[in-house]
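Everything on this sheet refers to the single structure shown next.
What follows is calculated from the coordinates using simple rules that are stated; it is not laboratory data. All of these numbers come straight from a predicted model, not from anything done at the bench. Cβ placement follows ideal geometry from the backbone for every residue including glycine, while neighbour counts extend to all protein chains displayed.
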Amino acid sequence: MLKEKEIQAINDLCTQEQCCIEKYNKYKNEAKDPVLKDLFAQIASKEEEHLHSLNQVLAGKTPSCDCNDDSGKKYNPEATYDSLTNSEDKKSDNFLVTDCIGTEKMVSGEYNNNVFIFADAAIRKLLADIQIEEQNHAEMLYKYKTANGMA
């Protein structure tokens, strides 16, 4: 049985995840580069998984997690833009990616701040796993920027 403080923390995290889903889906439609569109779609899907996991916790079930996500390390995007090009499309995509990196940093921090509110070790493990995935999203976004001469 979750305590009121734990319920509020999960609800706050659900709000953050819902905002991320909406942002990534919006930015997927705004992005000019197909590689970036795909990256935004991948991350939106992971954010949906996070939201589903949090809703399961609210329903009294704690989903298992592996805590071995290395998607950030493995991500190696194809470059669409070169470092010398400074087109409007590149500027626009750079803005979207930079904004999302800031969002991932903020959301990762929310998980870090909330993880120790919970008495249940399985919930703490789940939240720590989601935090790692948020950090991987930021790493993937940064790798995209680097590959495209935006960093």
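Brief remarks follow.
- Per residue of the chain, the DSSP helices (runs of n ≥ 4 H) give a summed -39500 (n - 2.57) that works out to -25500 deg cm²/dmol at 222 nm.
- Think of each Lys and Arg Cβ as +1 and each Asp and Glu Cβ as -1; about the Cα centre, that makes the dipole of the chain roughly 120 debye.
- Residue-count net charge about residue 118 - beta-carbon cut-off 14 Å; Lys, Arg +1, Asp, Glu -1: -2
- Mean separation of Cα contacts under 8 Å, 6 or more apart, over the residue count of segment 69-151: relative contact order %: 55
- The local environment of residue 94, defined by Cβ-Cβ distances under 15 Å, has a net charge of -1 under the rule Lys, Arg +1 and Asp, Glu -1.
- Computed from Cα atoms, the angle from the helix 88-114 axis to the main principal axis of the chain rounds to 20 degrees.
- Listed values [x] -0.93, -1.06, -1.47; [y] -0.90, -0.98, -1.24; [z] -1.07, -1.16, -1.41, entry calculated as log10 I(q)/I(0) by the Debye sum over Cα atoms at q = 0.17, 0.18, 0.21 Å⁻¹: [y]
- Helix axis angle, 121-147 relative to the chain longest principal axis, alpha carbon, degrees: 0
- Straight-line cross-link partners of residue 61 among the lysines, defined as a Cα under 16 Å from its Cα and at least 8 positions apart when in the same chain: 3, 125.
- Sequence-separation-based contact order of the chain, relative, with Cα cut under 8 Å and 6+ spacing, percent: 31
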